[in-house]
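Taking it in order: structure first as structure tokens, then the write-up.
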Amino acid sequence: MSVSPELSSLVVPILQRHARRPDRLVQILREVQEILGCITDETAGHLAECLGMSYAQVLSTRDFYAFFYRENRGRYRILFSDNITDRMLGNRALFEHMQKRLRVEPGKVSADGLVSIDFTSCTGMCDQGPAILVNNRTITRLTPQRVDAICDLIQRGVPLAQWPEEFFIVEDNIRRADLLLGTPCEPGKAIRAAVARGRDGMLGEMKLSNLRGRGGAGFTTAVKWEACRNAPGEPRYIVCNADEGEPGTFKDRVLLQSYAGRVFEGMVIAAYTVGASHGFLYLRGEYLYLLQPLETYLAGMRAAGLLGRNIAGVAGFDFDIEIHLGAGAYVCGEETALIESLEGKAGKPRVRPPFPVVAGYMGKPTVVNNVETLCKVTEVAMHGGAWYEAIGTKQSTGTKILSVSGDCERPGLYEYAFGVRIAQVLEDCGASEAIAVQVSGASGVCLSEREFGRRIAFEDVPTAGSFMIFGRQRDMFEVARNFAHFFAHESCGFCTPCRVGTTLLKNIMDKIAAGRGTQYEMNELLRLQQVLKPGSHCGLGQTAGNAVADTVQKFRPAYERRLAETDFVPAFDLDAALARARALSGREDTDAHLGEEA
């Protein structure tokens, strides 16, 4: 297709840098948008032609991700994090204040084309919110004063690079350190320890450790590695899942910011054990600020002989890592959706089997591990599987990092040996007035006060790491409603139970919030859970109703006080909808109204 010389000259260097590979489409789109501000249909068509792809394929990928725009969204694109913890910290009032200052409607671009403001899902800053993204750059601890300062900078047209550095500070907030967070590690020590054990020896130590995945599912890491190692096909791949999108989770952010060596060395050890030659770190788009420091760290590892060719002096041990940045899709935290995104496609979960360990990236054997899991691998390499297995509980070995946020005095990261009681965590973080804890994010379990004696462990309360606390002043109905909106927004639309079910769930919660709900709607909420859980294709849909089902059971008064007294009230008021017609016809008599007898 014919395009302007200006467009072609801007796009060509990006295409060349990615060797015109269709599987790099997500990265290409991201870099093109950084230059052009958006990806128009014309740009998409040009990219399709240059990459040898269909126009429909490029549009499908562009339109799937929340951070890709088909139209310009202004010089400054502002997204307010709308997780429940940000709401608890007053993000909505700050949003309205900025909206009035900048004179721009939500979701639209200002009349002068300068700025747009809108909401996005959790940005991984729950311990230091409210947070916003400005052109995908993170700003934390928003206050009315900071909002005013940002508005002044925007109205003066100050480039983002010249904004005050303190706006962009992201703190670790490590409150309790244990084996991982509290133990320094010499660069290369874990890799050398693994090499000394040998490939078979390292796999044996992993089996002894009973290390289970820290991404939530808790699959045994050694079993996954061995399956990939024994699967036919070359090359093999190691993928680090750093698409930390679960509301309330931010542990991976800290590990990547301050413990990157542990993450990357864990990937190298995994590659050594299974015989992989290439690795990917899939970094969520909200963590753009980490991209350059991580690239710099990888360069240092290559210079030290810990990455690249003949790693640690072992002839033929060749392995390298590249970073792919996501573009705003919670579902890409699911391993097959993540692999689809790595291949340049819309991140829709695959049908399984085959599983990634047999047919993953480009159809080749692939191990996908969570950031924290890979950090724990280094502990097993250095100290041995028996040492590691002795920590925690029989079914949940080692330590677990919790991302604590919400109604507590000291939000941040807390590391404990598995088996710690919920009550202990609440005491340590200063949450004396808690009535509920949402463990493992929106998709997890909501615990009431009567359950605070339960333990964090795969055999009791499993978790990917999120630990959101709600005090006595909180309305648990509104908490569940926020989660219902989150899942309806994040559903990829692949399967009908999830696509339709999450929307119905959201609509029913909104109907109850509007005072038009009845016992009929309460029954429908639980019925929908019974459809979503067994019928959805992936974990997003299967867990989308968890928070609603838990809060209906444990905090039912929060729902019932909103219910109408009748058996059923329609969500749509037809009589009110006809008001305009009555006004135009001059009719306000009884016969012009519905449901009224003469």
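Scan the range 220-235 and give yes if some residue there is free of Cβ contacts under 8 Å to residues at least 12 places away in the same chain and within 16 Å of residue 373 (Cα to Cα), otherwise no.
yes
Which ones in the range 242-267 are closer than 24 Å to residue 195 by Cα and in contact with a Gly (Cβ under 8 Å, 6 or more places away or on another chain)?
Hits for the range 242-267 are 265, 267.
Okay, residues lined up against (1) free of Cβ contacts under 8 Å to residues at least 24 places away in the same chain; (2) closer than 23 Å to residue 291 by Cβ:
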site: 33; (1), (2): no, yes
site: 55; (1), (2): yes, no
site: 61; (1), (2): no, yes
site: 66; (1), (2): no, yes
site: 70; (1), (2): no, no
site: 78; (1), (2): no, yes
site: 83; (1), (2): no, yes
site: 96; (1), (2): yes, no
site: 105; (1), (2): yes, no
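Name the one entry in 484, 488, 464, 442 that is in contact with a Ser or Thr (Cβ under 6 Å, 6 or more places away or on another chain), outside the structural domain of residue 372 (by TED's automatic domain parsing) and touching a residue at least 60 places away in the same chain (Cβ under 8 Å).
Details: 484 fails: in contact with a Ser or Thr (Cβ under 6 Å, 6 or more places away or on another chain); 488 fails: touching a residue at least 60 places away in the same chain (Cβ under 8 Å); 442 fails: in contact with a Ser or Thr (Cβ under 6 Å, 6 or more places away or on another chain).
Unique residue meeting the criteria: 464.
Got a sec? Which of 551, 566, 590, 543 is among the β-branched types (Val, Ile, Thr), free of Cβ contacts under 8 Å to residues at least 12 places away in the same chain and either touching a helix residue (DSSP H, G or I) at 6+ places or on another chain (Cβ under 9 Å) or not assigned by TED's automatic domain parsing to the domain that holds residue 500 (or both)? Walk me through it before giving the result.
Details: 551 fails: free of Cβ contacts under 8 Å to residues at least 12 places away in the same chain; 566 fails: free of Cβ contacts under 8 Å to residues at least 12 places away in the same chain; 543 fails: free of Cβ contacts under 8 Å to residues at least 12 places away in the same chain.
Of 551, 566, 590, 543, the one residue that is among the β-branched types (Val, Ile, Thr), free of Cβ contacts under 8 Å to residues at least 12 places away in the same chain and either touching a helix residue (DSSP H, G or I) at 6+ places or on another chain (Cβ under 9 Å) or not assigned by TED's automatic domain parsing to the domain that holds residue 500 (or both) is 590.
Condition check ((1) within 22 Å of residue 450 (Cβ to Cβ); (2) modelled with pLDDT of 95 or more; (3) not in a helix (DSSP H, G or I)) across all residues:
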{"residue": "494", "(1), (2), (3)": "no, no, yes"}
{"residue": "497", "(1), (2), (3)": "no, no, no"}
{"residue": "507", "(1), (2), (3)": "no, yes, no"}
{"residue": "521", "(1), (2), (3)": "no, no, no"}
{"residue": "537", "(1), (2), (3)": "no, no, yes"}
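State the number of residues belonging to the range 193-219 that are within 30 Å of residue 466 (Cα to Cα) and not acidic (Asp, Glu).
15
Considering only the range 105-112, I want to know if a residue exists there that is more than 22 Å from residue 34 (Cα to Cα), acidic (Asp, Glu) and not assigned by TED's automatic domain parsing to the domain that holds residue 436.
yes
Yes or no: the range 47-60 includes at least one residue that is buried (at least 21 other Cβ atoms within 10 Å of the Cβ), touching a Phe, Trp or Tyr at 6+ places or on another chain (Cβ under 8 Å) and part of a helix (DSSP H, G or I). Give the derivation first.
So in the range 47-60, the residues buried (at least 21 other Cβ atoms within 10 Å of the Cβ) come out as 47, 58.
Next, from what is left, pick out any that are touching a Phe, Trp or Tyr at 6+ places or on another chain (Cβ under 8 Å): none.
No: the range 47-60 contains no residue that is buried (at least 21 other Cβ atoms within 10 Å of the Cβ), touching a Phe, Trp or Tyr at 6+ places or on another chain (Cβ under 8 Å) and part of a helix (DSSP H, G or I).
Is it true that residue 355 is at pLDDT 95 or above and either within 19 Å of the chain's Cα centre (by Cα) or crowded, with 24+ Cβ neighbours inside 10 Å (or both)? Before the answer, list the steps.
Values: at pLDDT 95 or above: yes; either within 19 Å of the chain's Cα centre (by Cα) or crowded, with 24+ Cβ neighbours inside 10 Å (or both): no.
Answer is no for this residue.
Restricting the search to the range 410-439, which residues are on the phi > 0 side of the Ramachandran plot and buried (at least 20 other Cβ atoms within 10 Å of the Cβ)? So that I can check it myself, show each step before the final result.
Within the range 410-439, the first condition is being on the phi > 0 side of the Ramachandran plot, and the residues that meet it are 412, 419, 430.
Once the filter is applied, which keeps residues that are on the phi > 0 side of the Ramachandran plot and buried (at least 20 other Cβ atoms within 10 Å of the Cβ), the range 410-439 yields only 412.
If residue 556 satisfies all but one of (1) more than 24 Å from the chain's Cα centre (by Cα); (2) closer than 23 Å to residue 443 by Cα; (3) in contact (Cβ under 8 Å) with a residue 24 or more places away in the chain, what's the number of the condition it fails?
(3)
Would you mind telling me which numbered condition in (1) within 24 Å of residue 244 (Cβ to Cβ); (2) at pLDDT 95 or above; (3) surrounded by fewer than 24 Cβ atoms within 10 Å (Cβ to Cβ); (4) not small (Gly, Ala, Ser) residue 468 fails?
So the condition that residue 468 fails would be (3).
From the set of residues in the range 497-512 that are in contact with a Gly (Cβ under 6 Å, 6 or more places away or on another chain) and surrounded by fewer than 24 Cβ atoms within 10 Å (Cβ to Cβ), which is nearest to residue 542 (Cα to Cα)?
Top of the filtered list is 497.
What are the residues in the range 161-173 that are surrounded by fewer than 16 Cβ atoms within 10 Å (Cβ to Cβ) and not small (Gly, Ala, Ser), if any?
In the first step, residues of the range 161-173 are kept if they are surrounded by fewer than 16 Cβ atoms within 10 Å (Cβ to Cβ); the result is 161-162, 164-166, 168-169, 171.
If the condition is that a residue be surrounded by fewer than 16 Cβ atoms within 10 Å (Cβ to Cβ) and not small (Gly, Ala, Ser), then 162, 164, 165, 166, 168, 169, 171 are the ones that fit.
Where residues in the range 204-218 are surrounded by fewer than 23 Cβ atoms within 10 Å (Cβ to Cβ) and at pLDDT below 95, which of them is nearest to residue 395 (Cα to Cα)?
The extreme case among them is 218.
Name the helices (runs of 4 or more DSSP H) wholly inside the range 233-348 in which the number of residues that are small (Gly, Ala, Ser), modelled with pLDDT of 95 or more and surrounded by fewer than 24 Cβ atoms within 10 Å (Cβ to Cβ) is 3 or more. If you could, list the steps in order and put the result at the bottom.
Numbers: elements: 251-258, 260-274, 291-303, 335-342.
Those helices (runs of 4 or more DSSP H) span 291-303.
Inspect the range 115-133 for any residue being among the aliphatic types (A, V, I, L, M) and either assigned by TED's automatic domain parsing to the domain that holds residue 327 or surrounded by fewer than 21 Cβ atoms within 10 Å (Cβ to Cβ) (or both) and give the result as yes or no.
Our first condition is that a residue be among the aliphatic types (A, V, I, L, M); within the range 115-133, this holds for 115, 117, 125, 131-133.
Next, from what is left, pick out any that are either assigned by TED's automatic domain parsing to the domain that holds residue 327 or surrounded by fewer than 21 Cβ atoms within 10 Å (Cβ to Cβ) (or both): none.
No, the range 115-133 contains no residue that is among the aliphatic types (A, V, I, L, M) and either assigned by TED's automatic domain parsing to the domain that holds residue 327 or surrounded by fewer than 21 Cβ atoms within 10 Å (Cβ to Cβ) (or both).
The values are calculated or read from the model by the stated rules, or taken from the named source; none is laboratory data. The shown structure was predicted, so the numbers you read here are calculated from the model rather than taken from an experiment. Backbone-built Cβ (ideal geometry, glycine too); neighbour counts: all protein chains shown.
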